[in-house]
Amino acid sequence: MAHTLPDLPYPYDALEPSISKEIMTLHHTKHHQTYVTSLNAAEAAYAKASTPKERIALQAALKFNGGGHINHSLFWKNLAPQPAKGGQGGVLKPGPLKDAIELAFGSLEKLQKEFNAVTLGIQGSGWGWLGYNITSKRLELATTPNQDPLLHLVPVIGVDIWEHAFYLQYKNVKADYLTAIWNVINYEEAERRLAEAVSTSKL
Ligand SMILES: [Fe+2]
């Protein structure tokens with residue numbers, strides 16, 4: 001079955017002033033749509049491929065566009081409007097996620113500082129992640145290059161550090177984008193993902 005572009009769970013201007021309406025519109029309707037379209041094309045070509053060589057030739061397109069679709073689908077949901085705009089963006093309430101953050105990093109502020117430092121260290125395009133390690137049962141930071149999905153941890157929060165995610169608003173100042181994005185992080189979604197990861201790891 002063909003992949004489709006998921007709707008955003010909020011209007012395009014709902015994350016302003018942290019992320020502009022122009023960026024959200026282009027990012028969702030153009031960039032994410034292109035990953036979906038190209039993934040469908042690559043999967044259709046794979047289904048028709050009749051030799052190992054033909055299938056191997058499609059691996060890069062499957063990884064890039066499949067990763068792009070997976071990562072952006074996670075990204076939209078891990079953002080939310082701030083309380084002034086009717087959401088819970090940027091609000092970390094007491095609960096299992098707050099406890100896990102404090103256990104691993106000491107405080108939310110320390111997590112944000114470490115996350116931003118690690119994510120700023122990505123050379124070129126990629127993603128910064130807060131993920132849950134099922135073996136150690138702790139939250140950890142990670143980065144992935146290009147559109148590689150996070151595989152060794154369960155994704156809890158992912159931040160797109162491709163230029164298309166910030167350049168129209170923040171130009172070359174990635175650090176300001178990374179500071180602002182914490183105002184619209186959806187910690188309720190992050191806590192839901194953490195709870196799911198913890199329950200899976202207990203199986
Ligand atoms: Fe993106």
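Quick rundown of the values:
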quantity	calculated
Proxy reagent accessibility, fewest Cβ within 10 Å first, across 79, 62	62, 79
Neighbour-count ranking [beta-carbon atoms within 10 angstrom, fewest first] of 13, 99, 160	99, 13, 160
Relative contact order %, the chain, counting alpha carbon pairs below 8 Å whose residues are six or more apart	25
Gaussian network model of the chain, springs between alpha carbon atoms under 10 Å - residue of 17, 145, 52 with greatest fluctuation	52
DSSP H segments from the chain that extend 15 Å or more along their own axis, Cα-based, with Kyte-Doolittle mean of -0.5 or above	33-48, 59-77, 108-120
Packing-based ranking, highest mean first, of 180-189, 25-34 given that Cβ atoms within 10 Å are counted	180-189, 25-34
Gain on full stretching of the segment that runs from residue 55 to residue 25 - 0.36 nm per residue minus C-alpha separation	7.4 nm
Inter-centroid distance (Cα atoms) of the range 33-69 relative to the range 159-203, Å	27
Partner lysines for residue 98 [C-alpha distance under 19 Å; skip if fewer than 8 residues away on the same chain]	77, 110, 113, 137
Estimated FRET transfer efficiency (residue 99, residue 146; beta-carbon r; R0 25 Å; 0.05)	0.15
Fully extended contour minus Cα-Cα distance, from residue 179 to residue 5, at 0.36 nm per residue	59.9 nm
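Every number in this text was worked out from the coordinates using simple rules, so none of it is lab data. Because the structure is a prediction, the values reported are computed rather than measured. Glycine gets a Cβ as well: all are built from the backbone with ideal geometry, and neighbour counts include every protein chain shown.
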